[in-house]
Amino acid sequence: MAKEKKQRKKSTFWADFKKFITKGNIIDMAVGVVIGGAFSKIVTGLVNYIINPFVGMFLKQGSLDDIKTVIIPEVLDAEGVVTQKEVAILWGTWLQTILDFLIVAVCIFIVLRFIMRAKSRLEEKEKAEEAAKAAEAAEKAAAEKTVADAKAAEAAAALAAKEEKLNEAILNQEKLLAEICEVLKNK
């Protein structure tokens, strides 16, 4: 029985995992992460190889990478070998990172805005189609109700005509019975 529970839990786990991993949202998210990583590299390249040198033309240092505040300068020995590395706040590198982020954020905003507008238009179109279908269904139901009402009115008229004939027949029978009684009394 313990093995049965273990196997059942294991198969349920794997079945649930398979269901989770094959959902469209998960696959879409994975594709988004991969494309996002590649896009991030493109933006970093744009900043490092195009924007940074362009900005560097207007700076004394030569590039954003060279903008820094040295806290502890590097120490060289007599042969010119670095014995202690420089400790510095890399303002330029930090600005490049911010620039990377802003470019990625703007691009993602533009793409999401486009997607949301397209989705909104699609939803509006679907709502309009649903409203048209609902109106058509209401129209059809009204037409069917009108036909049903007409048939009911026809049936009621036919029933009333039958009742009238029945009443006439009863009256005729009463008259006939009265005449028969009269004839029998006279004999």
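Counting other beta carbons within 10 Å of each Cβ, put 59, 171 in order, fewest first.
On the way: 59 13, 171 10.
In increasing order of surrounding Cβ atoms, one gets 171, 59.
What net charge is computed for the residues neighbouring residue 93, neighbours being all others with C-beta under 9 Å from the C-beta of residue 93, Lys and Arg scored +1, Asp and Glu -1? Write out the running numbers ahead of the final one.
Working: positive: 68; negative: 65.
With Lys, Arg at +1 and Asp, Glu at -1, the neighbours total 0.
Modelled label-to-label distance, residue 66 and residue 86, 7 Å Cα→beta-carbon offset: nm?
1.0
Give me the one-decimal nm value for the distance between modelled label points at residue 124 and residue 34, 7 Å along each residue's Cα-to-Cβ direction.
Result: 3.5 nm between the two label points.
Subtracting the Cα-Cα distance from 0.36 nm times the residue separation, let me have the gained length for residue 76 to residue 147 in nm, one decimal.
Numbers: separation 71, 0.36 × 71 = 25.56 nm, distance 10.27 nm.
Answer, rounded to one decimal: 15.3 nm.
Can you work out the base-10 log of I(q)/I(0) for segment 2-152 at q = 0.16, 0.17 1/Å, using the Debye formula on its C-alpha atoms alone?
Once normalised to I(0) and log-transformed, intensities are -1.04, -1.09.
Using only alpha carbon pairs under 8 Å that are at least six residues apart, calculate the relative contact order of segment 32-185 and give it in whole percent.
14
How big is the dipole moment of the chain about its Cα centre under a simple scheme where the beta carbon of each Lys and Arg is +1, that of each Asp and Glu is -1, and everything else is neutral? Debye, nearest 20, please.
On the way: 28 positive and 26 negative charges, 202 e Å.
Once rounded to the nearest 20, the dipole reads 960 debye.
Quick note: the coordinates plus some simple rules give every number you see, no bench work behind them. Keep in mind it's a predicted model, so treat the numbers as computed, not measured. As a convention, Cβ positions derive from the backbone with ideal geometry for all residues, glycine included, and neighbour counts pool all protein chains shown.
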